[in-house]
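Values quoted throughout were computed directly from the atomic coordinates according to the rules given, and no laboratory measurement underlies them. As the structure is a prediction and not an experimental result, all values here were calculated from the model. Methodologically, a virtual Cβ is constructed for each residue, glycine included, from the backbone with ideal geometry; neighbour enumeration extends over all protein chains shown.
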């Protein structure tokens, strides 16, 4: 009888009774692993922008993030280096509702100017790097149609096609998601002619406070031959950040940055 049950179980697995997760479940778990670890978080980031010839430019900043009910998030980025970016602040209110636009602001202390970044500029360069503004907080899952393109022993490969092709520079992109951690390990972007032109890769991962965490990521521009490397350090989760830091109507936190980013 026991052998018969075992055999029946094996048949059930082969026939798909115990099927893989749906593509939406995979995409949601990957999104949670990438952006929602803990209730809030902090990291110091060294960004190296490397051109085709090997010349380097460096930026250093501190990134704060807080989760809110319903899936919304807010981000606060405080620049420390180089001198021309010192005290510059980038804030994001990420809205996850379908059809909603994120609020993105850049505070320029030299001009005493708090400038809002238009929704149409979310795919433009982030402070001269190969990252785009949208990379900081992540792309809204509702903006794309997701398909499970392939499953390997270690990864799910998801094809993502924009619902509004005219709003982005790519025709589609694929993401390779680690089956164990659900962290996206590599994204590949294809242009309107179907040519691969950009990759985003998590090159180093460590577990911090129980959360699998990317500690190095690399964006490569295959057209220019350049790349940008982000190295994350001093990563902390669940530190009890003050919600006022992220309030996009709060001018005080722009002109008097919180100690979490200045110390």
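Tabulated data
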quantity	calculated
Of all DSSP beta bridges in the chain, antiparallel share, percent nearest 5	100 percent
Extension reserve of the residue 256-residue 115 stretch, reckoned as 0.36 nm per residue once the Cα distance is removed	49.1 nm
Contour excess over end-to-end distance, with Cα ends at residue 180 and residue 248 and 0.36 nm allotted per residue	20.9 nm
Spin-label pair residue 86/residue 51, simplified geometry with 7 Å Cα→Cβ offset, distance in nm	2.5 nm
Alpha-carbon Rg with Dmax, taken over the range 111-254, Å	17.1, 53
Within the range 185-202, backbone nitrogen closer than 18 Å to the virtual label 7 Å beyond the Cα of residue 157 toward Cβ	185-191, 194-202
Cα-derived Rg over Rh, computed across the range 90-175 with Rh taken as Kirkwood radius	1.05
For the chain, the fraction of alpha-carbon pairs in successive 10 Å shells from zero, as %	6, 27, 35, 20, 6, 3, 1, 0
Ellipticity estimate at 222 nm from DSSP helix runs (n ≥ 4, -39,500 (n - 2.57)) divided over the chain, nearest 500	-4000 deg cm²/dmol
Percent breakdown of C-alpha pair distances by 5 Å bin, ordered from the shortest bin, for the range 190-239	5, 18, 22, 16, 13, 10, 9, 6, 1, 0
The range 31-119 - Rg (one decimal) and Dmax (whole number), Cα, Å	15.1, 46
Using alpha-carbon coordinates, inclination of helix 2-15 to the longest axis of the chain, degrees	50 degrees
